[in-house]
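Inspection log for the structure reproduced underneath, given as structure tokens.
The values are calculated or read from the model by the stated rules, or taken from the named source; none is laboratory data. Keep in mind that this is a model prediction, so the values were computed, not measured. Cβ placement follows ideal geometry from the backbone for every residue including glycine, while neighbour counts extend to all protein chains displayed. Areas reflect the complete protein model, heavy atoms only, side chains present, ligands, DNA and RNA absent. Shrake-Rupley method; radii C 1.70, N 1.55, O 1.52, S 1.80 Å.
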4 protein chains.
Amino acid sequence: MEEIMKNKKYIDINADVGESFGVYKLGNDEELMKYITSCSIACGFHAGDPCVMRKTIELAKKHNVAIGVHPGFPDLLGFGRRRVEITAQETKDYVTYQIGALKAFAEASGMKLQHVKPHGKFWHLAAAEEPVGRALVEAILETDPKMAFFGRRGYATDIAREKGLRVAMEIGADMQYRPDLEGVLSSDYKKKETNPREAAERILRILDEGRVQAIDGSYVDIKVDTVLVHGDTPNAIEVVSAVRESLTKAGYEIRAFGRTA
Amino acid sequence: MEEIMKNKKYIDINADVGESFGVYKLGNDEELMKYITSCSIACGFHAGDPCVMRKTIELAKKHNVAIGVHPGFPDLLGFGRRRVEITAQETKDYVTYQIGALKAFAEASGMKLQHVKPHGKFWHLAAAEEPVGRALVEAILETDPKMAFFGRRGYATDIAREKGLRVAMEIGADMQYRPDLEGVLSSDYKKKETNPREAAERILRILDEGRVQAIDGSYVDIKVDTVLVHGDTPNAIEVVSAVRESLTKAGYEIRAFGRTA
Amino acid sequence: MEEIMKNKKYIDINADVGESFGVYKLGNDEELMKYITSCSIACGFHAGDPCVMRKTIELAKKHNVAIGVHPGFPDLLGFGRRRVEITAQETKDYVTYQIGALKAFAEASGMKLQHVKPHGKFWHLAAAEEPVGRALVEAILETDPKMAFFGRRGYATDIAREKGLRVAMEIGADMQYRPDLEGVLSSDYKKKETNPREAAERILRILDEGRVQAIDGSYVDIKVDTVLVHGDTPNAIEVVSAVRESLTKAGYEIRAFGRTA
Amino acid sequence: MEEIMKNKKYIDINADVGESFGVYKLGNDEELMKYITSCSIACGFHAGDPCVMRKTIELAKKHNVAIGVHPGFPDLLGFGRRRVEITAQETKDYVTYQIGALKAFAEASGMKLQHVKPHGKFWHLAAAEEPVGRALVEAILETDPKMAFFGRRGYATDIAREKGLRVAMEIGADMQYRPDLEGVLSSDYKKKETNPREAAERILRILDEGRVQAIDGSYVDIKVDTVLVHGDTPNAIEVVSAVRESLTKAGYEIRAFGRTA
């Protein structure tokens, strides 16, 4: 029995959701939820609003998708993609606020928060700058240390591990990487189709080999815990569907990171 | 012993705090906290911001003041004093969001939320309109039914009691009342001094007699649980100091509503 | 020559545009601009942002479409569709602000503002409530009285005429009307298709007969100056295309209201 | 006569005003306006709101104070003091928007805009970074090139001059300077008193000598056109009063920059 468990390969598929705001609709969460196992929900700072947060949690619950917090900079106009030069204390306070806001909806729906994953420019900076990564981890520790941290390798993941948080390393189904695992996304990625079969094969190779080929041709070791898919690209659903099918066929069990033993 | 307990008279003194925003300072919370036993903290919709929320909770903790949520309409420009015609569902979602945001800071500080008290126009409407009062109570029930409801007599207090929530009836040290206990506050109350001695005597009379004289001369029964003082009037500290001293002299023990047996 | 002019029938076709915000896209302005002669541009209060405003004006210029101000309540979260209970002075100040903001972009592009048309709930209230209509007209008078007022019959149109402003009465290609010409729009109109041929025939009949049949079956006289089309319904482009073609065939010259002699 | 004119020494005294927002009051504009000749008015992005803008212009008009635009980053929470990493195009659009908004109130009051002076972090960056300075100047050129540019020596002043704008160099009555004329303001300057007599003497010396002593002891040439005073420090009024009196006694005529021949 234990042997079987050991040989069992698990993988999580996550996506950013709940990014609509008021009448503005972004992404196709209804469809996307059918294919993913974890989702990161915007909390009203860079996207999302209280009604969208509630509805997104209801949707995740219906599809048995684990939920996480997707905090961003306080800049709806810039969708959290441009830096707002906040202090470490402000960073911590803004994250605490956003975690709390989402947690209230989660608890009202009888769900638990599985993880925190920073959004956009904050995602970059949490990995690239020590004070940002530390402030983010501290906010998690002070609000709910049972939450895992989702992100790319960098300061936040290092500090999170050091402080005892579970960390899920992610790889993007339609992203390229620099040797330091900084993700590279073309500015018009939302308009471009990704070849579903190629994306699926690439992800499978990365998981099986435990390494990813960076844009400079070099190979970087990575033990992937969760595959990030986008929900707002032209053929997003085809891509996630192909990725999921390919991983399943290869013997991976697709399940939320937090539900993995 | 039990006899003594029975005869013991308790009263809570509450104030709205944490209404600063960014560089904008409102009220004198540092001083006010020395005299009150409960405070209602703004949550970023009509006033307050994440940093102010954290600092206000730290201040309350230092002074052993019980904390509550002070949700308002999403209208910083109008300070929550003008109606935004939101639906019952939106009302519930906005309150849930604000409760959660404050709760995260409370838990990070090792404090519990004692109560919820709506702010400004929302305070009026929660009493005056059934759907508003009901939505507010539902948000409390779904997030943390151990919180009490602070407010004036009306739909929200009735529904709160019906649903099993503890309810604290409040009376304002510098407010006049209509026969339906709707508070009457002159639009320039922030600029006017209140006679501290008169306010103190009036509050004592209301508590002892269990009734308040309305602006039409009639008397309305009220079992006061908490006295509201303002922190942003010219002589606010003198007023709360006089009220507190007068109540103490008359044998009332000043303690937070939630700490009363 | 003069006889020909007299017999010439003119009609304006207008639409609300520039309602995108940051990454959020609303409507299909690029396509819509090909069919309309006037557009009302959101100014950042209920929708729109500085970049969207500039781009929308550039687009209108390219298609020779006259531009107008589309002021709304300061409520991005509610898209200006719910009342914010502001005073008459606030109404005037908020409109003045929005007119000025758009005017700067218009002047930078070498264009003039043709009109002001209130948005959403503000559109309703400007017609239904005297202080709202008056405040709106006063803002126009104090900023640029050469601008026309676009709206439905009510206080704002009456006061605008009384004060010497030009007024354009509009009728919606996909709207029903009450006998007081209050527009009736189903809450899910954005998801419903409108039969293009029926809409085109109906509009032609209203223009030719100078009256519209209200939802109670009664007929209401109306001298239509501009036809409102929506840009965000499923088959919006088909509808405006059919309306435009039908009116052209019937001998109407489609031109901006402000360019009519 | 011409000789007298030539010998006449003029100086402008300016302050940032209109920084209140909703119920939040900042500064003491009513008093300050009695001593200054130019003011820069916030436009709702980092501070200020439509009602505050209107009232501030009315106040300036009453005291015959020339008015200018004080654009800032879209960050009310940070009061425009922290960088928001916007593009050059966004910078230009945000400034255009703010100029237009204020211009509408100015025109409604029969006043003209004298100048543009960037606020806070934007003030620093307009001098320190070429794209920021250029975008700002372009916005002025496209909206109203009769406006002067107020700022510290740097990219914006250089580009402004190159493009034919009038430029007013300013020096702060309570600020220290680095050798590159970057202003140095202690983070708690709002709580500190400035010695009025010392400030007045220092400013007079700077004007008379045409140079300022930087914090490293070196002297930097500067031809001062306008003296900046703060309105929100503890003894702000005493300082500006002393500065004004000292300059007047020394033979300077205190008048708005734009009214200087």
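Taken together, the residues in the range B:49-64 that are within 14 Å of chain A (Cβ to nearest Cβ) and part of a loop (DSSP other than H, G, I, E, B) amount to 1.
In the set C:ILE67, C:ILE13, C:ILE41, only one residue is of a type outside the set (Phe, Trp, Tyr), over 19 Å from C:THR143 (Cβ atoms) and not in a helix (DSSP H, G or I); that residue is C:ILE13.
How many residues, within the range A:90-106, are among the charged types (D, E, K, R) and closer than 13 Å to A:GLY68 by Cβ?
Of the residues in the range A:90-106, 1 are among the charged types (D, E, K, R) and closer than 13 Å to A:GLY68 by Cβ.
Residues in the range B:144-170 that are closer than 22 Å to B:GLY100 by Cβ and more than 15 Å from the chain's Cα centre (by Cα): 8 in all.
When D:ARG211, D:ARG153, D:ARG205 are checked against the criterion of being farther than 18 Å from D:ALA15 by Cβ, free of Cβ contacts under 8 Å to residues at least 40 places away in the same chain, touching a strand residue (DSSP E or B) at 6+ places or on another chain (Cβ under 7 Å) and open to solvent by 50 Å² or more (accessible area, probe 1.4 Å), D:ARG211 stands alone in meeting it. With respect to (1) within 14 Å of chain B (Cβ to nearest Cβ); (2) open to solvent by 40 Å² or more (accessible area, probe 1.4 Å), the lone exception for A:ILE86 is condition (2). The residues in the range C:205-261 that are in a loop (DSSP other than H, G, I, E, B) and basic (Lys, Arg) can be counted, and the count is 2.
Criterion applied to C:PRO179, C:PRO196 was being open to solvent by 50 Å² or more (accessible area, probe 1.4 Å) and in contact with a Ser or Thr (Cβ under 9 Å, 6 or more places away or on another chain), and the one residue passing it is C:PRO179.
Check whether at least one residue in the range B:61-76 is on the phi > 0 side of the Ramachandran plot, touching a His at 6+ places or on another chain (Cβ under 7 Å) and touching a residue at least 40 places away in the same chain (Cβ under 8 Å), and report yes or no.
Among the residues of the range B:61-76, not one is on the phi > 0 side of the Ramachandran plot, touching a His at 6+ places or on another chain (Cβ under 7 Å) and touching a residue at least 40 places away in the same chain (Cβ under 8 Å), which makes the answer no.
Note on the range C:214-227: residues that are over 22 Å from C:LYS8 (Cβ atoms) and surrounded by 19 or more Cβ atoms within 10 Å (Cβ to Cβ) amount to 0. Among residues of the range D:12-36 that are more than 9 Å from every other protein chain (Cβ to nearest Cβ) and among the aliphatic types (A, V, I, L, M), those with a beta-carbon under 7 Å from a residue that is in a loop (DSSP other than H, G, I, E, B) and open to solvent by less than 20 Å² (accessible area, probe 1.4 Å) at least six positions away or on a different chain give the pairs D:ILE13/D:ILE36; D:ILE13/D:THR37; D:ALA15/D:ILE36; D:ALA15/D:GLY231; D:VAL17/D:GLY231; D:LEU32/D:GLY231; D:MET33/D:VAL65; D:ILE36/D:VAL65.
Does A:PRO145 satisfy the criteria of being within 23 Å of B:GLU107 (Cβ to Cβ) and in contact with a helix residue (DSSP H, G or I) (Cβ under 8 Å, 6 or more places away or on another chain)? The answer is no for A:PRO145. So A:LYS34 clears everything in (1) of a type outside the set (A, V, I, L, M); (2) assigned to a helix (DSSP H, G or I); (3) out of contact with any strand residue (DSSP E or B) (no Cβ under 7 Å at 6 or more places or on another chain) except one condition, right? Which one? Evaluating A:LYS34 over (1) of a type outside the set (A, V, I, L, M); (2) assigned to a helix (DSSP H, G or I); (3) out of contact with any strand residue (DSSP E or B) (no Cβ under 7 Å at 6 or more places or on another chain) leaves (2) as the failure.
Kindly check whether there is at least one residue in the range D:60-76 that is of a type in the set (D, E, K, R), open to solvent by less than 30 Å² (accessible area, probe 1.4 Å) and at pLDDT 95 or above.
yes
Looking only at residues in the range A:29-49 that are in contact with a His (Cβ under 7 Å, 6 or more places away or on another chain), open to solvent by less than 10 Å² (accessible area, probe 1.4 Å) and not hydroxyl-bearing (Ser, Thr, Tyr), the one that is nearest to A:LEU102 (Cα to Cα) is A:CYS43. A single member of C:VAL95, C:VAL52 is open to solvent by less than 10 Å² (accessible area, probe 1.4 Å) and either without any contact (Cβ under 8 Å) to a residue 60 or more places away in the chain or at positive phi (or both), and it is C:VAL95.
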